[in-house]
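To start, the structure under review is shown below, and the notes come after it.
The values are calculated or read from the model by the stated rules, or taken from the named source; none is laboratory data. If you're wondering where the values come from, they're calculated on a predicted model, not measured in any experiment. Quick reminder, even Gly has a Cβ in these numbers, built from the backbone with ideal geometry, and neighbours come from all protein chains shown. Ligands, DNA and RNA are excluded from the accessible area calculation, which covers all protein heavy atoms including side chains. Shrake-Rupley method; radii C 1.70, N 1.55, O 1.52, S 1.80 Å.
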Amino acid sequence: MDTTIFEQVDGYIGQLLAPEDSALKNTLQSLASNNIDNASISPVQGKLLQVLAKMCNAKNILELGTLGGYSTIWLARAVSQNGKVVSIEYSEEHALIAQNNIKNAGLENTVEIRVGNAMDILPQISAEQRAPFDMIFIDADKPPYVEYFEWALKLARPGTIIVADNIIRNAKVLDANSTDEKVKGVQRFNTWLSNCTQVTATILQTVGAKEYDGMAIAVVNH
Ligand code: SAH
Ligand code: DHB
Ligand code: MG
């Protein structure tokens, strides 16, 4: 597939509406200098998360999968004053790098990184009565996406926006015989989502700077 045109247009949109400041650029640089694959969302996707956060006047956001904190910074900049972002990260190395990037962005009082397996941390967050969250961004490992979304529903309220990243995977989701655990995880998720009556949802294909992929966007029904 010739994706040059999508990349060019993504760059055009990004320059206009999602320019990166030094905190965001340094965040991507921190991944490169630590030899960590850049699975961060793109600038235009970061702006999409901000638009969604503002649409629901988000003050309390939950993220699964921090990596270097790139998406976390976009989200934290969208929460209103006294807003909070709780971001769960399995890797201690990633969490340390992210914490530094978040401090560089001046957001250390807005963001709380929780280190551990999301499946262990989610029950803790539930017990701490941090819910309901106004927006939840699911972007950690792909096989348990259904279980993550089920947790998201428990931690949500009517009107909460739930976004799940990387669910098209270069169109590999079309291959019913795929043996890739990530693909199988998101196929199971997409089918499950289509049967979930608690939300109104769609999937947005994402093209441009990042690999061809997609994001599920859902709102919890009243
Ligand atoms: N949201 C980030 C990208 C996240 S990449 C951004 O757009 O900037 C996925 C992250 O999920 C990686 O850092 C990985 O270490 C983390 N992860 C993988 N499995 C996890 C798990 N079980 N619980 C929490 N985090 C996990
Ligand atoms: C993968 C994870 C991501 O969050 C992403 O944006 C791209 C790829 C991955 O695990 O392959
Ligand atoms: Mg992702």
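What are the residues in the stretch 178-200 that are assigned to a strand (DSSP E or B) and crowded, with 19+ Cβ neighbours inside 10 Å, if any?
The one that is assigned to a strand (DSSP E or B) and crowded, with 19+ Cβ neighbours inside 10 Å: 199.
So which residues in the stretch 204-222 are within 15 Å of ligand 2 (Cβ to nearest atom) and either on the phi < 0 side of the Ramachandran plot or assigned to a strand (DSSP E or B) (or both)? Hits for the stretch 204-222 are 204, 205, 206, 207, 209, 210, 211, 212, 213, 214, 215, 216.
Scanning the stretch 23-79 for residues that are closer than 13 Å to residue 134 by Cβ and either in contact with a Cys (Cβ under 9 Å, 6 or more places away or on another chain) or small (Gly, Ala, Ser) (or both) gives 53, 58, 78.
Yes/no per residue for (1) more than 29 Å from residue 222 (Cβ to Cβ); (2) away from ligand 1 (no atom under 13 Å from the Cβ); (3) among the hydrophobic types (A, V, I, L, M, F, W, C):
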position	(1), (2), (3)
98	yes, no, yes
103	yes, yes, no
107	yes, yes, yes
113	yes, no, yes
122	no, no, yes
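For the residues 37, 10, 21, the requirement of being in contact (Cβ under 8 Å) with a residue 60 or more places away in the chain and of a type in the set (Asp, Glu) singles out 10. Might you check whether a residue that is in contact (Cβ under 8 Å) with a residue 12 or more places away in the chain, touching a Phe, Trp or Tyr at 6+ places or on another chain (Cβ under 7 Å) and surrounded by 13 or more Cβ atoms within 10 Å (Cβ to Cβ) occurs anywhere in the stretch 74-88? Checking the stretch 74-88: at least one residue is in contact (Cβ under 8 Å) with a residue 12 or more places away in the chain, touching a Phe, Trp or Tyr at 6+ places or on another chain (Cβ under 7 Å) and surrounded by 13 or more Cβ atoms within 10 Å (Cβ to Cβ).
A single entry from 80, 87, 126 fulfils the requirement of being in a strand (DSSP E or B) and among the hydroxyl-bearing types (Ser, Thr, Tyr): 87.
State yes or no: is residue 160 open to solvent by less than 30 Å² (accessible area, probe 1.4 Å) and either in contact with a strand residue (DSSP E or B) (Cβ under 7 Å, 6 or more places away or on another chain) or more than 19 Å from residue 51 (Cβ to Cβ) (or both)? Yes, satisfied.
Residue-by-condition table, conditions (1) away from ligand 1 (no atom under 13 Å from the Cβ); (2) touching a helix residue (DSSP H, G or I) at 6+ places or on another chain (Cβ under 8 Å); (3) part of a loop (DSSP other than H, G, I, E, B):
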residue	(1), (2), (3)
32	yes, no, no
37	no, yes, yes
40	no, yes, yes
44	no, yes, no
48	no, no, no
51	yes, no, no
62	no, yes, no
67	no, yes, yes
73	no, yes, no
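Being more than 16 Å from ligand 2 (Cβ to nearest atom), free of Cβ contacts under 8 Å to residues at least 40 places away in the same chain and crowded, with 19+ Cβ neighbours inside 10 Å, is that true of even one residue in the stretch 134-143? No.
I need the full set of residues from the stretch 72-84 which are of a type outside the set (D, E, K, R), farther than 18 Å from residue 39 by Cβ and touching an Asp or Glu at 6+ places or on another chain (Cβ under 7 Å), in order please. Walk me through it before giving the result.
Taking the stretch 72-84 as the starting set, the residues that turn out to be of a type outside the set (D, E, K, R) are 72-76, 78-83.
Next, only the ones that are farther than 18 Å from residue 39 by Cβ stay: 76, 78-83.
Matches in the stretch 72-84: none.
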